[in-house]
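K.L.:
Handing you a structure now.
The values are calculated or read from the model by the stated rules, or taken from the named source; none is laboratory data. Every value quoted in this text rests on a predicted model; they were computed, and no experiment measured them. Here Cβ is always computed from backbone atoms with ideal geometry, including for glycine, and neighbour counts include all displayed protein chains.
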Amino acid sequence: MPLQCDFSKGIDEYSYDGENFLSFDDKESQWVAPVDAAVPTKRKWDKVPILNQYTKGYLEKECVDWLNKFRDYGDEELKKGSPPEVHVFAKRCTSDKSKLKLTCLATGFYPKDVMLTIRKYRTSLPEDEIESSGVRPNHDETFQLRKSVVIKEDEKAEFDCFVFHSTLKGPIIIKWDGKCQDCPPETIAGMIGAIIGAVIVLAVVVVVVFVLKKKKIIAFNCRNGQKRSSDEENVSLQAEPANASNRSDSNASSSQVDGTPSDDGLNTVTAGREHSADSDSGQESAGSTPDSSPTNSQEAVNHVCEDSSGQSRPAEAQSLLQQDKP
């Protein structure tokens, strides 16, 4: 805030070679020489009374008027002032990739006088640890100031930026959110790890499925080979009983044609249909031998059938079922 005060008088002082040389005493209307080298000049100016009177009037009147005008001009400029915009951010340190560079930026302020500090736990860091760009002009006649400090990447301390400017009623305090602008986000790193893990799991599953499928095919082929061997043995064992059954059926048919009663006491004389069927069966039996061609083997296999429960019937039962059909 600008100082609200009125100037009562001005001063007129001169220096030489870095030391005070002459000054005017407004109350006594004479010059004062603090060093011996200024005594000759003091005596010479005191001998001109009009000079002393003019100096006294200027310091009490004209100088004060000019100072008040300049103060009013400054107040007008302050009213046109612009408050600063404050930003706090961190980036990877170029000199040391394991550290971060925390920066506090104040920009767009006018006039150029500003106070900016980086604080840790609300305590200002020493100036020898801070890198400052100095106040620099912007393209719009405002100014900017940037200060930075190097910190550890895993730093968990509370940092903030403290800024005060004449256009503000109070300081601006911006806390650092603890994030790094150019550091890879943790979510992306986690996603990459999850994708790699999923690819590995998928590869393992494919390998396991392939191995199990291969073992299943091998086991299936083995079972089929054993089944085929068993079927061939059954065919060879059933070929001879089937031929014997056909011969028995032929003899039974001959006895039924002659009118001979059956074992259960029933009349077994049947129609010509049964006789012809038995004759055909006898012919097939007479012309069949166990050592015949593959056709005979196929006929022997046909005598083996399975019922609904999956169990095989004897060849004799199959022959009777064929005789009962119309």
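K.L.:
Do you know which of the residues in the range 27-85 that are aromatic (Phe, Trp, Tyr) and part of a helix (DSSP H, G or I) is nearest to the chain's Cα centre (by Cα)? Break it down into steps so the answer makes sense when it comes.
P.N.:
Our first condition is that a residue be aromatic (Phe, Trp, Tyr); within the range 27-85, this holds for 31, 45, 54, 58, 66, 70, 73.
With the extra rule that they be part of a helix (DSSP H, G or I), the set shrinks to 45, 54, 58, 66, 70, 73.
On the way: 45: 85, 54: 82, 58: 76, 66: 67, 70: 61, 73: 58 Å.
Filtering the range 27-85 for residues that are aromatic (Phe, Trp, Tyr) and part of a helix (DSSP H, G or I), the one nearest to the chain's Cα centre (by Cα) comes out as 73.
K.L.:
Go through 110, 121 for me and flag whichever is of a type in the set (Phe, Trp, Tyr) and exposed (fewer than 14 other Cβ atoms within 10 Å of the Cβ).
P.N.:
That would be 121, the only listed residue that is of a type in the set (Phe, Trp, Tyr) and exposed (fewer than 14 other Cβ atoms within 10 Å of the Cβ).
K.L.:
Same structure again: Determine if the range 82-90 includes at least one residue that is modelled with pLDDT under 90 and either loosely packed, with under 15 Cβ neighbours inside 10 Å or under 18 Å from residue 133 (Cα atoms) (or both).
P.N.:
no
K.L.:
May I ask you to say which residue of 128, 96, 154 is outside the structural domain of residue 75 (by TED's automatic domain parsing) and assigned to a helix (DSSP H, G or I)?
P.N.:
One residue alone meets the criteria, 128.
K.L.:
Those residues that are closer than 21 Å to residue 94 by Cβ, of a type in the set (Val, Ile, Thr) and free of Cβ contacts under 8 Å to residues at least 24 places away in the same chain, I need them from the range 127-153; list them, please.
P.N.:
130
K.L.:
Now, a different point. In the list 156, 69, which residue meets the criterion of being over 30 Å from residue 25 (Cα atoms) and without any contact (Cβ under 8 Å) to a residue 24 or more places away in the chain? Don't jump to the end; show me each part of the working.
P.N.:
On the way: 69 fails: over 30 Å from residue 25 (Cα atoms).
Among 156, 69, only 156 is over 30 Å from residue 25 (Cα atoms) and without any contact (Cβ under 8 Å) to a residue 24 or more places away in the chain.
K.L.:
Another question about this same structure. Suppose the filter is assigned by TED's automatic domain parsing to the domain that holds residue 159, crowded, with 16+ Cβ neighbours inside 10 Å and β-branched (Val, Ile, Thr); does residue 103 pass it?
P.N.:
yes
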